[in-house]
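In what follows, a structure is listed as structure tokens, so that the remarks can point back to it.
Every number here is computed from the coordinates shown, using simple stated rules; none is lab data. It should be emphasised that the depicted structure is a prediction, and the values quoted were computed from it without experimental measurement. Cβ sites come from the backbone with ideal geometry, for glycine too, and all protein chains shown count toward neighbours.
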Amino acid sequence: MNIETRGARIHVKEQGSSEPALVFLHYWGGSLRTWDGVVGALANARHTIALDHRGWGESSATEQAYAIADLANDAADVVEALHLHRYILIGHSMGGKVAQLLASRRPRGLQGVVLIAPSPPSPMQLPDAQRAAMAAAYDSRESVEWVMDNVLTASPLAPELREQVIADSLRGAPQAKAAWPNAAMLEDITNEVGSISVPVTVISGELDQVDRVETLRKELLPRIADARLHVLPSIGHLSPLEAPAAVAALIEKFIDELQAR
């Protein structure tokens, strides 16, 4: 289905109808398909909503408005349009930074947050040359494959998942590709995340080269009062694709803990 937000048409895939609903936000370069393995490993009764950020997957692309606040507004509009009364935000990498900002607004119905290899709330500073290389990472099949094999994953993905990553990365609108390394990853939302008032679980890959475990321990965990860290052994940045069953198990554990409170 498609949901109209503030200037964009957001493509959404919804399954199930139980509470709490699980709202999935993907990484820079991904799409809602990134979550297929995780969703498939969850209990059948789970209510899941995965969306394509504007400019990615099947969502429409706008000329501007790719700041973290814009993506958070899109997610909030999806939640409102679907009349979700109780839900959990689940964000990966860039989607994790979006989830942090949205959660900091203390929206009605939010029960908890799962941050998977999240970009920290502090600005990610890179040398100009490295930033330029990052901005060009998804320009060709060859560049996507190099980044996937040398940066994003710790072990080879199955052939069909490799093709999915390549297709999703290439499909992104040029302005969406450029917005993250040149602007959104530089945004500072450290003051905002201190307002998060729901439980937060953080899942990190031991071998993540993008948002490293030590970075999360320094830049993220001290800023969120009720955050717990889980480290997946031998996993890289794309844990929803590298270890979907392990990610799903930690999400299920988090839901059980919330319901026990």
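Using C-alpha pairs under 8 Å with a sequence gap of at least 6, the mean separation divided by the residue count of the range 41-158 gives a relative contact order of 17 percent. Sorted from greatest to least, the principal axis extents spanned by the alpha carbons of the range 121-200 come out as 42, 32, 23 Å.
Mean separation of Cα pairs under 8 Å and 6 or more residues apart, divided by the residue count, gives the chain a relative contact order of 22 percent.
What do you get for Rg/Rh over the range 37-88 if you use C-alpha atoms and the Kirkwood form of Rh?
1.03
Max-minus-min Cα coordinates of the range 41-141 on each principal axis give 45, 30, 29 Å, with the largest extent listed first.
Once the range 167-261 is represented by equal point scatterers at the alpha-carbon sites, with solvent omitted, what log10 I(q)/I(0) does the Debye formula produce at q = 0.14, 0.15, 0.21 Å⁻¹? For the requested q values the scattering log ratios are -0.69, -0.79, -1.22. Near the amide H of Ser18, within less than 5 Å, lie the amide hydrogens of His47, all on another chain or at least 5 residues away, with H placed in the peptide plane. Note that the range 10-23 has calculated 3J(HN,Hα) couplings of 9, 7, 10, 10, 10, 9, x, 8, 7, 10, x, 6, 10, 10 Hz, one per residue in order, obtained from phi through the Karplus relation 6.51 cos²θ - 1.76 cosθ + 1.60 (θ = phi - 60°); glycine and proline are x. A Förster radius of 22 Å combined with the Cβ-Cβ distance from Val198 to Glu14 puts the calculated FRET efficiency at roughly 0.50. Taken over the chain, the convex hull of the Cα atoms encloses 111 Å³ per residue.
A DSSP coil position with no more than 15 other Cβ atoms inside 10 Å describes the following GluC sites (Glu not before Pro) in the range 153-210: Glu206. By the count of neighbouring beta-carbon atoms within 10 Å, fewest first, Phe254, Phe24 end up ordered Phe254, Phe24. Take the Cα of Ala45, step 7 Å toward its Cβ, do the same at Asp139, and the gap between the two points is 5.2 nm. Charging the Cβ of each Asp and Glu at -1 and of each Lys and Arg at +1, and nothing else, the dipole of the chain about its Cα centre rounds to 560 debye. Taking amide H as placed 1.01 Å from N in the peptide plane, Val231 has its amide H under 5 Å from the amide H of Ser204, each at least 5 places away in sequence or on another chain. Find the centroid of the Cα atoms in the range 165-239 and in the range 55-70, then give the distance between the two in whole Å. The range 165-239 and the range 55-70 have Cα centres spaced 19 Å from each other.
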